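Notes follow the structure.
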Amino acid sequence: MKKIIATIMLLTLSLSAKAQTSSLKVNPSGIAGSAGAGIVLFDIASPTNNFRIDQGIYGAISGEKGLGALNLWLTLSLSYLQTQGLATYDYTTLAAANYTGTDVPFTTQLFQGGLGIKFKLLNGWFRPYIEGGGLAGYFQMTYSDMATKVSGPGSDAKAKDALLDFGYYYEGGLEITFSGTFGLRVAARFTDNKSKPFETLANQVIDYKTEIYYLSLLKQF
């Protein structure tokens with residue numbers, strides 16, 4: 001997958017260079033937007049010790065702008081993922097007080113921004129496409145049942161933990177236009193992400209992959 005991202009980056013730089021030499025013109029026809037929802041499946045590589053994330057929900061808005069050549073589009077997406085899970089809780093305060101618990105339930109809210117390049121195989125009302133790019137996110141875990149699930153020397157256990165995470169994605173799908181301005185997109189997106197170390201997980205990172213299947217409404221502005 002690293003080769004895919006490297007290829008996308010080289011392609012983006014090449015297109016930028018061509019634009020500067022006026023051999024490539026940005027399409028002035030406007031921005032195409034979309035809003036959609038679907039499901040997300042998680043595959044956890046780390047932590048390996050008693051950590052589980054369930055199937056969740058996915059919502060996203062995105063915009064894209066034609067680059068004027070080779071059926072390429074620059075895309076920007078903002079997405080929201082929510083799910084629940086269970087974790088082995090292990091948090092140590094600055095005063096060295098340690099709080100632990102097993103099977104502690106939590107809710108995850110993940111906000112992600114993506115920047116990528118899309119290639120549409122065909123023009124017209126029926127448009128298969130492939131896409132890839134980078135991701136930056138804000139991963140928030142909110143624990144529940146702390147009083148019964150977590151034990152420690154006091155009341156300083158941390159109920160919420162939030163950090164940045166980064167990764168990349170690739171996507172394939174089909175766009176169908178019903179009129180000059182409206183259409184539908186059916187797509188599958190696959191991501192590979194890694195967070196910063198979480199204090200409530202004994203300073204372990206969350207290293208995970210996702211499979212996202214979603215449907216979007218398209219609008220040409």
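The values are calculated or read from the model by the stated rules, or taken from the named source; none is laboratory data. Values in this document were obtained by computation on a predicted structure and should not be read as measured data. All Cβ positions, even for glycine, are placed from backbone atoms using ideal geometry, and neighbour counts span all protein chains on display. Ligands, DNA and RNA are stripped out before the accessible areas are found, and what is left, the full protein with its side chains, is counted by its heavy atoms. Shrake-Rupley method; radii C 1.70, N 1.55, O 1.52, S 1.80 Å.
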| task | Might you check whether a residue that is of a type in the set (A, V, I, L, M, F, W, C), in contact with a Phe, Trp or Tyr (Cβ under 8 Å, 6 or more places away or on another chain) and modelled with pLDDT under 50 occurs anywhere in region 65-79? | result | no
| Does region 111-132 contain any residue that is modelled with pLDDT of 95 or more, among the acidic types (Asp, Glu) and within 21 Å of the chain's Cα centre (by Cα)? | yes
| task | For region 42-50, state whether one or more residues are modelled with pLDDT under 95, among the hydroxyl-bearing types (Ser, Thr, Tyr) and open to solvent by 90 Å² or more (accessible area, probe 1.4 Å). | result | yes
| field | Yes/no for residue 53 being at pLDDT 85 or above and loosely packed, with under 15 Cβ neighbours inside 10 Å | value | no
| message | Can you find, within region 176-189, the residue that is modelled with the lowest pLDDT among those that are open to solvent by 60 Å² or more (accessible area, probe 1.4 Å) and part of a strand (DSSP E or B)? | response | 182
| note | Residues of region 133-155 being loosely packed, with under 15 Cβ neighbours inside 10 Å, over 10 Å from the mean Cα position of the chain (by Cα) and of a type in the set (Ser, Thr, Tyr), in sequence order, are 142, 144, 148, 151, 155
| Is region 143-157 home to any residue that is aliphatic (A, V, I, L, M) and under 25 Å from residue 114 (Cα atoms)? | no
| said: Taking the criterion of being assigned to a strand (DSSP E or B), over 18 Å from residue 87 (Cβ atoms), out of contact with any Ser or Thr (no Cβ under 8 Å at 6 or more places or on another chain) and open to solvent by 10 Å² or more (accessible area, probe 1.4 Å), would at least one residue in region 190-212 satisfy it? | reply: yes
| remark: Okay, strands (runs of 3 or more DSSP E) sitting entirely in region 52-160 with 3 or more residues that are within 22 Å of residue 219 (Cβ to Cβ) and among the hydroxyl-bearing types (Ser, Thr, Tyr), I get 72-92
| remark: Filtering region 160-175 down to residues that are open to solvent by 40 Å² or more (accessible area, probe 1.4 Å) and either closer than 18 Å to residue 114 by Cα or modelled with pLDDT under 95 (or both) yields 163, 164, 166, 168, 170
| remark: When region 76-127 is checked residue by residue, the ones that are free of Cβ contacts under 8 Å to residues at least 60 places away in the same chain, over 23 Å from residue 53 (Cβ atoms) and buried (at least 20 other Cβ atoms within 10 Å of the Cβ) are 118
| said: On the basis of being modelled with pLDDT under 95 and closer than 30 Å to residue 145 by Cα, does residue 28 make the cut? | reply: no
| Of all residues in region 56-75, which are under 24 Å from residue 194 (Cβ atoms), aliphatic (A, V, I, L, M) and buried (at least 20 other Cβ atoms within 10 Å of the Cβ)? | 60
| field | Hits in region 119-165 - residues which are of a type in the set (Phe, Trp, Tyr) and closer than 23 Å to residue 192 by Cα | value | 119, 129, 138, 139
| How many residues does region 165-211 contain that are touching a strand residue (DSSP E or B) at 6+ places or on another chain (Cβ under 8 Å) and over 30 Å from residue 90 (Cβ atoms)? | 21
